[in-house]
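To start, the structure under review is shown below, and the notes come after it.
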Amino acid sequence: MYRILIIEDDRGIAEAIKEQAGMWGLDAEYIKNFRNVMAEFSAFDPHLVLLDISLPFFNGYHWCSEIRRVSKVPIIFISSASDNMNIVMAMNMGGDDFITKPFDQSVLMAKVQAMLRRTYDFAQAVPVLEHRGAILHTGDNTLTYQGEKISLTKNEYKILLTLMEHKEKVVSREKLMEVLWDSDSFVDENTLTVNVGRLRKKLEAAGLMDFITTKFGAGYIIKD
């Protein structure tokens with residue numbers, strides 16, 4: 001059973017989400033002590049976190065950053081502060097999705113289930129992907145080549161995973177942006193260009209030259 005941690009200071013909302021999650025076969029708990037969220041996070045060891053922005057003592061961005069220091073667990077922000085600046089900040093801090101309050105509970109649970117499937121079901125089915133001796137480990141989001149580990153950011157990993165999943169096929173820029181942000185409402189094309197550029201430099205520094213090929217006007221491809 002997947003465990004969902006709810007970091008929400010409105011007890012009514014937290015309890016409603018917990019009840020709804022139980023109806024979907026999920027084990028959910030909400031934070032009781034907002035002075036030390038990480039203690040409850042570690043004790044519960046969740047598969048996914050639902051995180052509000054406005055919280056007592058420290059805001060959701062702070063706790064997202066703290067969680068990212070120790071875990072790659074999916075984080076979905078739930079907040080009424082849904083302007084583009086807050087959404088972009090949430091993603092840049094390590095969030096995986098953003099749901100605006102008020103929301104329909106069934107829609108929230110459908111998004112939670114989809115995130116859990118993408119994160120865990122696929123990772124179990126395909127533990128590694130390989131190309132030209134480079135091995136992408138989907139279980140811990142790492143890349144190794146000739147015995148050396150290549151450090152990847154979350155966005156770089158998502159880009160490389162998508163390209164390796166579609167090896168020998170052109171992946172459009174639109175598809176990659178969709179993978180990065182799970183939404184097309186606040187995508188910045190320059191962000192994708194910067195991430196691909198940094199990823200290429202890391203690959204080249206490790207000895208993987210021309211690993212990703214640009215198809216101008218179409219997208220990117222990894223070829224044999």
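You will find that of I135, I159, I212, I150, the residue that is within 23 Å of K111 (Cα to Cα) and either surrounded by fewer than 19 Cβ atoms within 10 Å (Cβ to Cβ) or outside the structural domain of D97 (by TED's automatic domain parsing) (or both) is I159 and no other.
Okay, residues lined up against (1) touching a Gly at 6+ places or on another chain (Cβ under 8 Å); (2) part of a helix (DSSP H, G or I); (3) within 21 Å of I75 (Cβ to Cβ); (4) at pLDDT below 90:
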| site | (1), (2), (3), (4) |
| --- | --- |
| L161 | no, yes, yes, no |
| K167 | no, no, no, yes |
| L180 | no, yes, yes, yes |
| D184 | no, no, yes, yes |
| V187 | no, no, yes, yes |
| T191 | no, yes, yes, yes |
| M209 | no, no, no, no |
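Going through I76, I4, I87, I67 one at a time, which residue ends up being touching a residue at least 60 places away in the same chain (Cβ under 8 Å) and either in contact with an Asp or Glu (Cβ under 6 Å, 6 or more places away or on another chain) or assigned to a helix (DSSP H, G or I) (or both)? Lay out the reasoning, then the answer.
Working: I76 fails: touching a residue at least 60 places away in the same chain (Cβ under 8 Å); I4 fails: either in contact with an Asp or Glu (Cβ under 6 Å, 6 or more places away or on another chain) or assigned to a helix (DSSP H, G or I) (or both); I67 fails: touching a residue at least 60 places away in the same chain (Cβ under 8 Å).
That would be I87, the only listed residue that is touching a residue at least 60 places away in the same chain (Cβ under 8 Å) and either in contact with an Asp or Glu (Cβ under 6 Å, 6 or more places away or on another chain) or assigned to a helix (DSSP H, G or I) (or both).
Each residue in the stretch 28-45 was checked for being of a type in the set (S, T, Y) and crowded, with 16+ Cβ neighbours inside 10 Å, and 1 pass.
Among the candidates K18, K72, single out the residue that is basic (K, R) and touching a strand residue (DSSP E or B) at 6+ places or on another chain (Cβ under 8 Å).
None of the other options fit; the residue is K18.
Taking (1) surrounded by fewer than 17 Cβ atoms within 10 Å (Cβ to Cβ); (2) under 15 Å from the mean Cα position of the chain (by Cα) in turn, L180 satisfies each apart from (1).
The values are calculated or read from the model by the stated rules, or taken from the named source; none is laboratory data. Quantities reported herein were computed from a predicted structural model and do not represent experimental measurements. In this analysis, Cβ positions are derived from the backbone assuming ideal geometry, glycine residues included, and neighbour counts consider all displayed protein chains.
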